[in-house]
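*Asks:* What follows is a single structure, and I will ask about it in a moment.
The values are calculated or read from the model by the stated rules, or taken from the named source; none is laboratory data. Since this is a predicted model, take the numbers as computed values, not measurements. Note: ideal-geometry Cβ built from the backbone for every residue, glycine included; neighbour counts use all protein chains shown. The protein model used for the area step is the full one, side chains on, heavy atoms only, and it has no ligands, DNA or RNA in it. Shrake-Rupley method; radii C 1.70, N 1.55, O 1.52, S 1.80 Å.
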Amino acid sequence: AALSTQLGNMAADTRPGANVPLAAGPDGQGNVYHDYILTTQDASAGHKVYVAVSRDFGVTWTSHLVYAAPPGGSLDHIFSWLAVDRAGNVYTAWCDSRDIYYSASTDIRTSTTPTWSLPVRVNNGPLTKTCTLPMLEAGSAGRIVFGFYGTSALGSQPPLSDGAQWHYFQARTSNALDAVPVIEQIQVSDHVMHTGRVCEDGIN
């Protein structure tokens, strides 16, 4: 009743070198990753983003904190999303009430105390004042692409979302591991994809 998790996706390090069926390889080849957001009913506590890693093909898991929102910070905005690039670096993206962020780790594949980069805001501009439903995919080292819905309205929930017109956007960067990455954002949809509130209540 006090804690719940909003589960993201799972991704695997598909580089050759895993010791199938025993364990991952020496550089994390074959690792399986699962990201999630830890929420609480205590409004004074902020939500937290985690990435869990399994080095034995899902038999056991270890969770690592990526980002802790400030007190009262809300991150349960459907959902966090994770990807692994071809060098084994791991990225996770999430949404607060307005913006899309990501963090990267270059050592989670082998370290028991991995480090994560500071959150980087992905969206920018008047048409993406509010964003939601982030997705993420990775290519070669440091190259990632995002997909998300964006609107010029100031929120995804009423009353801020009343009349909101949502378009679909993509953003990409080729230097995601740098302290100040360069991000290119484009609008993909040529017409309004959705109007008004975006449901974040699941079966409710």
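*Asks:* When the residues of the stretch 156-204 are narrowed to those that are among the β-branched types (V, I, T) and either closer than 13 Å to L127 by Cα or part of a loop (DSSP other than H, G, I, E, B) (or both), which ends up nearest to the chain's Cα centre (by Cα)?
*Replies:* Going through the qualifying residues, I end up with I183.
*Asks:* Looking at the stretch 176-200, which of its residues are acidic (D, E), within 19 Å of I100 (Cα to Cα) and without any contact (Cβ under 8 Å) to a residue 40 or more places away in the chain?
*Replies:* Correct list: D178, E184.
*Asks:* Can you name the residue in the stretch 111-155 that is hydrophobic (A, V, I, L, M, F, W, C) and assigned to a loop (DSSP other than H, G, I, E, B) and is also surrounded by the fewest Cβ atoms within 10 Å (Cβ to Cβ) among such residues?
*Replies:* L118
*Asks:* Pull out all pairs, ordered by first then second residue, where Cβ-Cβ is under 8 Å, the residues are six or more apart or on different chains, the first lies in the stretch 108-126 and is under 12 Å from Y91 (Cα atoms) and without any contact (Cβ under 8 Å) to a residue 12 or more places away in the chain, and the second is part of a loop (DSSP other than H, G, I, E, B) and not polar (S, T, N, Q).
*Replies:* Note: pairs meeting the criteria are T115/D107.
*Asks:* Can I ask one more? Considering only the stretch 153-163, I want to know if a residue exists there that is out of contact with any Leu (no Cβ under 6 Å at 6 or more places or on another chain), without any contact (Cβ under 8 Å) to a residue 12 or more places away in the chain and of a type in the set (D, E).
*Replies:* There is no residue in the stretch 153-163 that is out of contact with any Leu (no Cβ under 6 Å at 6 or more places or on another chain), without any contact (Cβ under 8 Å) to a residue 12 or more places away in the chain and of a type in the set (D, E).
*Asks:* For the stretch 156-173, give me the residue count where each residue is out of contact with any Ser or Thr (no Cβ under 7 Å at 6 or more places or on another chain) and open to solvent by 70 Å² or more (accessible area, probe 1.4 Å).
*Replies:* Matching residues across the stretch 156-173 total 6.
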